[in-house]
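Shown next, in structure tokens, is the structure this report addresses.
The values are calculated or read from the model by the stated rules, or taken from the named source; none is laboratory data. Since we're looking at a predicted model, the values are computed, not measured. Cβ atoms come from the backbone with ideal geometry, glycine included; neighbour counts cover every protein chain shown. All accessible areas refer to the heavy atoms of the entire protein, side chains included, with ligands and DNA or RNA removed. Shrake-Rupley method; radii C 1.70, N 1.55, O 1.52, S 1.80 Å.
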Amino acid sequence: MATLALKSSFVQGQLLRRSALLVAFLLSGGNSIFPRVPLAALLIVICVIALGGKSLARREFTGCFLVLLATFVVAMLGADGIVSASMLIRFTNFILGLMVLSLYVELGRKAFTDDIYPLLKFMCYQSIATTALGTIVPGLFTPFYVNETTYNTIGLILTFNPGADGGNPIVRSSGFFFEPGVFQFYLNMFLLLAAFVRGDPKHMALGLIAVLCTQSTTGLAISAILMVAYFVQRLKDAPSYGNLLITILSPILLIPFAMLLSSNVEDKFFGTNRGSSWARQYDTFTGFAVAVENPLVGIGFDYQRYFEESYHLGYKESELDTNTLTDRPNSNGIVTAFYSLGFPLGLIFLFGLYRQLLIDRRLLAFALMFLSFSTEALLFTPFALMFVFSGLLVRPQQR
């Protein structure tokens with residue numbers, strides 16, 4: 001009986017943690033049709049139940065709380081002492097990121113990998129099924145609208161945005177997220193875990209195909225980096241008789257990726273979808289200009305303040321039309337950290353991201369997140385902040 005009770009408790013705890021991760025996904029780049037306030041409340045409830053009354057006031061979180069205090073002070077200085085709705089949203093995300101991280105402080109890295117792996121694996125099947133069905137039998141999908149964006153979906157599980165394909169007959173899967181560029185981040189995380197943590201070539205292939213279905217230029221570039229790193233490792237680890245075979249096969253396996261990546265880059269910079277690269281360019285240069293103008297404490301989290309600053313400091317050489325630039329939020333999450341909080345505190349957030357303790361292969365994980373967050377404003381979302389705060393823990397326990 002004691003064994004059954006222990007097993008039941010373990011399953012219940014694992015279910016709660018995985019539920020918390022899934023809700024954190026939806027709050028971190030999820031499609032706007034999923035309501036944010038109820039999701040945030042749900043995540044708090046799940047974490048409180050999973051923690052079983054344990055407090056967030058733990059010794060390990062000392063560094064995190066100090067950074068949060070500094071963030072609050074700097075944000076108030078940058079916003080001239082005004083507490084805006086956007087500031088409240090940011091700090092809610094900070095607390096949510098800490099709460100989800102608290103589920104793994106004692107359990108360690110292995111428990112995190114075991115919990116997240118099946119969720120990401122499901123997303124791979126989700127990506128492939130969306131592209132296959134959306135391309136072959138698009139009539140199965142029902143349209144829905146978020147602001148001015150049209151999506152096609154089957155039960156809000158298989159979803160794509162027909163406007164994101166630029167006329168490409170093969171649809172781009174979006175998963176639960178607002179665009180394929182966000183979806184690729186989670187799919188590439190699965191690829192990283194499959195290749196370097198689980199060491200499963202079949203799941204690695206699954207992850208690669210899933211990323212291909214997003215047709216995200218950033219996603220393809222990240223996958224290519226992970227593949228090169230994987231083959232380099234195999235070349236070092238393989239016995240002498242296998243080295244030649246790996247040396248021959250590696251470039252061949254990279255050819256389709258290289259061709260698709262080259263085609264995507266050409267289309268994004270010179271083809272029908274070049275507006276995407278123009279937008280990324282504008283966001284990067286404009287955001288950096290705002291950061292340089294406010295280097296120590298930034299401008300805070302107020303969107304209106306950024307719109308005002310970007311109006312005066314916006315990248316003048318941009319090819320985007322004036323209507324597109326009006327009240328345009330910044331899509332570069334890394335630059336957003338710098339212009340919101342200044343360079344000193346922004347670098348601390350990046351240090352935490354680099355030092356994160358939840359995924360092995362720190363450098364590759366950092367490259368994956370840095371490149372993804374450079375094209376999507378995800379750094380200040382709960383799931384991303386979970387990694388940042390893990391790197392700021394004081395004497396954390398690792399397993």
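Beyond 13 Å, how much of the Cα-Cα pair distribution for segment 93-141 remains, as a whole percent?
68 percent
Please compute the modelled spin-label separation between Gln233 and Arg198, points set 7 Å along Cα→Cβ, answer in nm with one decimal.
Between Arg198 and Gln233, the label points sit 1.4 nm apart.
Using Stokes-Einstein with the Kirkwood hydrodynamic radius over Cα pairs, what translational diffusion coefficient do you get for segment 93-195 at 4 °C and a viscosity of 1.567 mPa s, in µm²/s rounded to a whole number?
Rounded to a whole number, D works out at 86 µm²/s.
Spelling out what I want: for every residue of segment 155-161, take phi, set θ = phi - 60°, compute 6.51 cos²θ - 1.76 cosθ + 1.60 (Karplus), and round to whole Hz; glycine and proline get x.
x, 6, 9, 9, 9, 8, 9
Could you order His203, His312 by accessible surface area, starting with the largest, using a probe radius of 1.4 Å?
Descending accessible area places them as His312, His203.
What relative contact order, as a whole-number percentage, does segment 105-161 give when Cα pairs under 8 Å and 6 or more residues apart are counted?
24 percent
Counting only the heavy atoms of the protein chains, how much of Lys54 is accessible to a 1.4 Å probe, in Å² to the nearest 10?
110 Å²
Please work out the C-alpha center-to-center distance from segment 22-63 to segment 329-397 and express it in whole Å.
Centre-to-centre (Cα) distance: 18 Å.
Relative contact order for segment 5-83: what percent, with Cα pairs under 8 Å and sequence separation of 6 or more?
For segment 5-83, the relative contact order is 27 percent.
What's the ranking of 60-66, 353-359, 84-90, 169-175 by average number of surrounding C-beta atoms within 10 Å, highest first?
Highest-to-lowest ranking by the protection proxy: 169-175, 353-359, 60-66, 84-90.
Using Cα pairs under 8 angstrom and six or more residues apart, how large is the relative contact order of segment 31-138, in percent?
RCO, segment 31-138: 34 percent.
Per-residue HN-Hα couplings for segment 353-363, Karplus 6.51 cos²θ - 1.76 cosθ + 1.60 at θ = phi - 60°, whole Hz, x for Gly and Pro?
Couplings: 5, 5, 7, 3, 10, 8, 10, 5, 6, 3, 5 Hz.
Note down the accessible area of Phe112, probe 1.4 Å, to the nearest 10 Å².
Per-residue accessible area (Phe112): approximately 0 Å².
Can you tell me the order of 147-156, 28-37, 279-288 when each peptide is scored by its average per-residue count of other Cβ atoms within 10 angstrom, highest first?
279-288, 28-37, 147-156
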